[in-house]
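Q: Sharing a structure here in structure tokens format.
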């Protein structure tokens, strides 16, 4: 029973982080058909800027409560700048190229971002633990959990709902769905496709940065954290179905619970539990759980 | 991706291009690279290759501190600014001319040979990862170039891989002593250890550490039980589930050989959830994190430095000079990778000065079986025919001094080398499981 | 005349919707058969079922005395049934000649051949001969994606004939061909196919073409067969006039947008 | 046999003696990069022939690793050091595994093929990383190879291994060149362009993909053995996704136009990396990334298009027809 509760809460906590870290990836893929390896770079930028800002701010001795504003603000600034530079500076010259080629392009961008991060913040790690400790812990069946963890879970749910609402209930969201459906026709209908692409990419970058920023107080922000997230978030969105927000949520939950279960029940399997789940899901549902329907060919 | 069957005809015409490409490549490379790379600089300098992680996750905690120490020490050695007996300029009279290479490479051996043959280095000091050391040690013997492994921990290097070393040295102790000493410290301080748990990274170093630690505990206190063994993926950074598992299994002792970002993340996440209060936590590489985390590191944590380095280093003129010089230049205190690098460089200097030459053969001759003083105390090349260093080690208990806002270690216990290392010729695992035959612990 | 294909109560259901129901058609060796019906009437679904692209929910397909219902496309092709597509299914980045060479290579291989060259002079001659049969040899070296729609259609049909089928389905062969070229286009096509005595079933919206080229005609409406018989009779049938032809007379203007939407 | 050689194959045969002579002319360290590049280049070839069918394997390291480990375990546990036996064992292991996994993977296309192959390779990575007998993540060492009872040492051993590597690598390249021009090779082109039509032409796309997958696996395993032997070391990093990713990137950067491209591309990228590290040991990834980016921008069809483009230009002086899509 205790183990079951622990698996549930741990799985949820891990899933929330996974979702926040991968939803930007699936959004960009869904709209632009770009499998963005630079996503790991955005994640790292978000984590660094958040940890750096928190560090600077808390060094002044002011109240920790305001750091909760700093985190989304750092993600927003880092994501907007990096997203704009990458999309306007490089990607827009490459639209229409082969999907695989775009993977390579974004990988090259990732390599550059990695070293850029290193040049800006150095190789020493940054710890910005204050927000994670601020609200203390609550006990669930005798196991203490940080309140911050539940804040992350709440943020993940809020981001998921907001995206769902924006896509399905707002005018801009509906226009975006048209762009996803058919780029050429939407262009002909007078929709500014370029603007949508830029906006989507920047939003994806901000979400990636938010994933890093929000987890920064829990971890040690150090070189290499971006590389780790790439393949993990790929797994999440592939399991859920590429380009689907709901899919990313479901994929994150599956991966989160699978990992938590293996940690509690059979720790040696933790190393490849994620890949095992991914292979198993793909073996049964070759296009992921929420695959986008293909239009009729013949 | 697109050039395809229709290229049949174009390829028909490709003969001249294909062959000319090869020819051009060959000729081009010959003219570019065959240029005399052996052209020696002035006689008074000696080229030394340094290989550590300059990118990736191991750069921050290991590679860069080691490189920093190398830069500091090279300058000081070349200027003769190191305290005595190292206050002569250069090594054996020659100035060190360093070349830094990133260990984070998929072609480590080829990179090594490039250093030897193209850059013409006289010796190579480096390698943090045990995997690198396993691959490089035989290569060094083949290339016949002096190679000093300064950090990597696997006992296999001279036990299995290069059993009769001539060119390979290791100036740091191997990882067995970290775990044996951790267990001995625990028993010596009388902490309850009825149930133990481990959280170690799922790769060779983490697995070995836990195997040695749990094995030693089984020998030292026979009624010890294992509560849970956690092996998260290296660099995963998120340990929520593992910490829950540690909390629910309520062990007396939690052992971890985490390092770098993983270590700091575990301390933050674990201390926030009270694991350090519920169990005695041993961090065998905790020293790299303690000054950075300060008050965030819970008091009472048992801290190691993979040797008597950092805060566990003995008080000496050399040590205080090193700490001050490092702090002045880089703004942080040196951690154990820096100590280990300084130790390797001073070993080389001691050997070269003793031989009065910076020639490879002279250094090899003098370094074999050498004993010297580093910032961490005495090092002696006692094992593997004088190629493997042994060194004592130490553990301490963490205490944050609120008055001075500084991280300190109290209750430090030093363990002599013979107490925590298997004797020459003995295999580490057998030695532990056989009850530490021949161990001398005073 | 021998019956080569016979379908019995063929039915295709998508969820609760019948895309085809009670389809009973028999086709004789060497005959030319026109199929009419508005969009969504079940014509293409019928072709998809017979050629193995869709598995019928119920009913049976008898080809030369054997049931082939549910067999995979490649086996149906090997048995001698082939088709062309409303939207040409070609290898768009390759030149016409390479398209034909690939088709011929596949048609000729019985088991996987790994390390022998697929293409020799004889095969190239054969490919050119095939193109010549459809009067498109002049385009041999052009990439498919640079060709006008009509030529693509012919390449698509030519490709469908490389296996020398006994029965060929042509799905709207004249769509995308301009109105004044349609007749000539069909003449080239039917003449080429008659030389091999291939039975042809073609789906067509232009009643003039149906009248001109097919002695027999089948009319589809909402997944069922409305009429089947000599073309003149079917076209005079009251129901056909009301449900099929009535809607067809206004079709030519909407043709182009429908094409764009379907791609 | 000889009369059927096409120009690429003749080129490869001429390159063989040049490659071998290089070992005596160029400095040893450079030859060393040529040597290891042949091993990894073969894996890039394996990736490339799958790309011809539109399949991007982000897990080709799986077979690179299987080859290396199979050979290594043969030496470690059975004391066998014969080059040809080790090679055969590596090939056999990859053959069996890929034949089995092929039944699963042949159903997948595009990103899903990429991700499933990645997942499978990472499962092996996870398993090898937990096996202490195989050195876990540190891997284990291989002995110096012997050749049908002859056990050379030192320089002779290196040259022997190098020469055999050249012969086998060129042999594989020729075989794969033939494969690309064989019926299955053509069917792969067709699958990439339009799989539906392939089925309607009466052949099984799945079967062709399966065969290609197995062939790519075998070539990659050969690469694994040829890479591991001069190194004398294998570790699970061989099947990590970053390794597999590099094979994909090399294939794209080189271009899939010719079988030689990935081999040369592997070597060139290696040299770029070496010099980037030399120029700037702390930010070499930035240089590498920039080089990759510039290559894609200016040579979208890979380095090989430098050669085809030049040739086109000279040809077009005579002929008039512009070539579309180039």
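Q: Before rounding to the nearest 500, sum -39500 (n - 2.57) across all DSSP H runs of length at least 4 in the protein assembly as shown and divide by the residue total; then give [θ] at 222 nm in deg cm²/dmol.
A: Values: 50 runs with 728 residues, N = 1329.
For the protein assembly as shown, the value works out to -18000 deg cm²/dmol.
Q: Here's another thing I want to ask about it. Quick one: if the Förster radius is 35 Å, what FRET efficiency do residue B:402 and residue A:81 give, using the C-beta to C-beta distance and rounding to 0.05? Numbers along the way, then the final one.
A: Numbers: r = 40 Å, r/R0 = 1.14.
For R0 = 35 Å, the calculated efficiency reads 0.30.
Q: In segment C:136-172, which residues have a backbone nitrogen under 17 Å from the label point lying 7 Å from residue C:197's Cα in the Cα-to-Cβ direction?
A: Of the residues in segment C:136-172, C:164-168 have backbone N under 17 Å from the label point off residue C:197.
Q: I would also like to ask the following. For the residue pair residue C:124 and residue B:89, what label-to-label distance in nm results when each label sits 7 Å from Cα along the Cα-to-beta-carbon direction?
A: Reported label-point gap for residue C:124 and residue B:89 is 7.6 nm.
Q: Sorting C:82, B:441, B:152 on the 10 Å Cβ count, fewest up front, what's the list? Don't jump to the answer; show the numbers that get you there.
A: Details: C:82 28, B:441 11, B:152 24.
With the sparsest Cβ surroundings first, the list reads B:441, B:152, C:82.
Q: Residue C:238 versus residue A:185, label points 7 Å from Cα toward the beta carbon: distance in nm?
A: Result: 3.9 nm between the two label points.
Q: For a Förster distance of 45 Å, can you work out the FRET efficiency between the beta-carbons of residue B:368 and residue A:60, rounded to the nearest 0.05?
A: 0.20
Q: Extending each Cα 7 Å along its Cβ direction at residue D:133 and residue C:181, get the distance between those two points in nm, one decimal.
A: Taking the two extended label points, one gets 7.0 nm.
Q: Using the beta-carbon distance between residue C:132 and residue D:156 and R0 = 56 Å, what value does 1/(1 + (r/R0)^6) give for FRET efficiency, to the nearest 0.05?
A: Once the sixth-power term is evaluated, E becomes 0.35.
Q: Give the relative contact order (percent, whole number) for chain A; include only Cα pairs under 8 Å separated by 6+ residues. Write down the numbers at each step before the final one.
A: Values: 475 pairs, mean separation 110.6, N = 298.
Taking the mean separation of contacting Cα pairs over the length of chain A, I get 37 percent.
Q: Which one, A:229, A:34, A:172, has the greatest fluctuation when you compute a Gaussian network model over chain A with C-alpha springs under 10 angstrom?
A: Looking only at A:229, A:34, A:172, the largest GNM fluctuation is found for A:172.
Q: Let me check against my output: what whole-number percent is the relative contact order of chain B, with C-alpha pairs under 8 Å and at least 6 apart? Write down the numbers at each step before the final one.
A: On the way: 872 pairs, mean separation 70.5, N = 442.
Here the relative contact order equals 16 percent.
Q: Which one, A:139, A:99, A:87, has the greatest fluctuation when you compute a Gaussian network model over chain A with C-alpha springs under 10 angstrom?
A: Answer for the Gaussian network model of chain A: A:139.
Q: Could I ask something else about it? Determine the gain in length on full extension of the stretch residue A:98-residue A:130; use 0.36 nm per residue of separation and subtract their C-alpha separation, reporting nm with one decimal. Don't skip to the end; give the middle numbers.
A: Working: separation 32, 0.36 × 32 = 11.52 nm, distance 4.49 nm.
Contour length minus Cα-Cα distance gives 7.0 nm.
Q: For chain B, modelled as a GNM with alpha-carbon contacts under 10 angstrom, which of B:407, B:188, B:350 fluctuates the most?
A: Between B:407, B:188, B:350, it is B:188 that shows the largest mean-square fluctuation.
Q: Among A:255, A:9, rank each residue by its count of other Cβ atoms within 10 Å, from fewest to most, as a rough exposure measure. Before the final figure, lay out each step's value.
A: On the way: A:255 28, A:9 21.
Ranked by crowding around the Cβ, least crowded first: A:9, A:255.
Q: Same structure again: Could you line up C:119, D:184 from fewest to most neighbouring Cβ atoms inside 10 Å?
A: Numbers: C:119 19, D:184 26.
Least to most surrounded, the residues fall as C:119, D:184.
Q: Got the relative contact order for chain D handy, in percent, Cα pairs under 8 Å and 6 or more residues apart?
A: Values: 473 pairs, mean separation 104.8, N = 326.
That works out to 32 percent.
Laboratory data are not the source of any read-out in this text; all were calculated from the coordinates shown. Here the structure is a predicted model, which means the values were calculated and not measured. Neighbour counts run over all protein chains shown; Cβ positions are idealised from the backbone, glycine included.
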